[in-house]
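The structure appears below as structure tokens.
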Amino acid sequence: MYAIIELNGDQVKCEKNDVFTVNHIKGQKSKTLKVKEVLFGKKGNKHYIGEPYVKGAYVECDILREKRDKKVIAFKYRDRKSSQSKIGHRQDLTELCVKEIHFE
């Protein structure tokens with residue numbers, strides 16, 4: 001059994017007990033998350049196709065931790081202008097574990 005969910009603008013394929021990271025989820029107080037934006041699902045031989053979302057389907061996730069990604073460096077060099085710029089960025093991420101997948 002698996003589901004494809006939409007979370008913070010990303011589409012993620014998840015199965016039970018999968019651990020995955022998404023962009024930081026703002027304003028989340030509890031340690032559990034219920035995602036109702038299920039785009040597609042498969043349970044045994046039965047397929048659930050959303051238009052755009054599957055009605056009555058949801059995925060329960062546990063929030064494991066908040067973390068930051070590795071630093072990404074953006075370096076711009078302008079030839080013959082004696083100009084350059086260097087900027088670093090670290091993305092905030094949320095790590096989730098799928099607890100249960102429910103269809104109808």
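Throughout, read-outs are computed from the coordinates displayed, never taken from laboratory work. What you see is a predicted model, and the numbers here were worked out from it, not measured in a lab. Every residue, glycine among them, receives a Cβ derived from its backbone with ideal geometry; neighbour counts consider all protein chains shown.
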Count of segment 40-89 residues which are hydroxyl-bearing (Ser, Thr, Tyr), assigned to a strand (DSSP E or B) and over 21 Å from the mean Cα position of the chain (by Cα)
3
Any chance you could count how many residues in segment 16-41 are within 25 Å of Arg90 (Cα to Cα), charged (D, E, K, R) and free of Cβ contacts under 8 Å to residues at least 24 places away in the same chain?
2
Of Val72, Val98, the only residue that is surrounded by 13 or more Cβ atoms within 10 Å (Cβ to Cβ), in contact (Cβ under 8 Å) with a residue 12 or more places away in the chain, among the aliphatic types (A, V, I, L, M) and out of contact with any helix residue (DSSP H, G or I) (no Cβ under 6 Å at 6 or more places or on another chain) is Val98
Candidates Lys13, Lys86, Lys43, Lys36, filtered to the one that is in contact with a Phe, Trp or Tyr (Cβ under 8 Å, 6 or more places away or on another chain), among the basic types (Lys, Arg) and surrounded by 15 or more Cβ atoms within 10 Å (Cβ to Cβ)
Lys43
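For every residue, the table says whether it meets (1) touching a strand residue (DSSP E or B) at 6+ places or on another chain (Cβ under 6 Å); (2) under 18 Å from Val98 (Cβ atoms).
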position	(1), (2)
Met1	yes, yes
Lys29	no, no
Lys34	yes, yes
Phe40	yes, yes
Lys46	no, no
Glu51	no, no
Asp69	yes, no
Ala74	yes, no
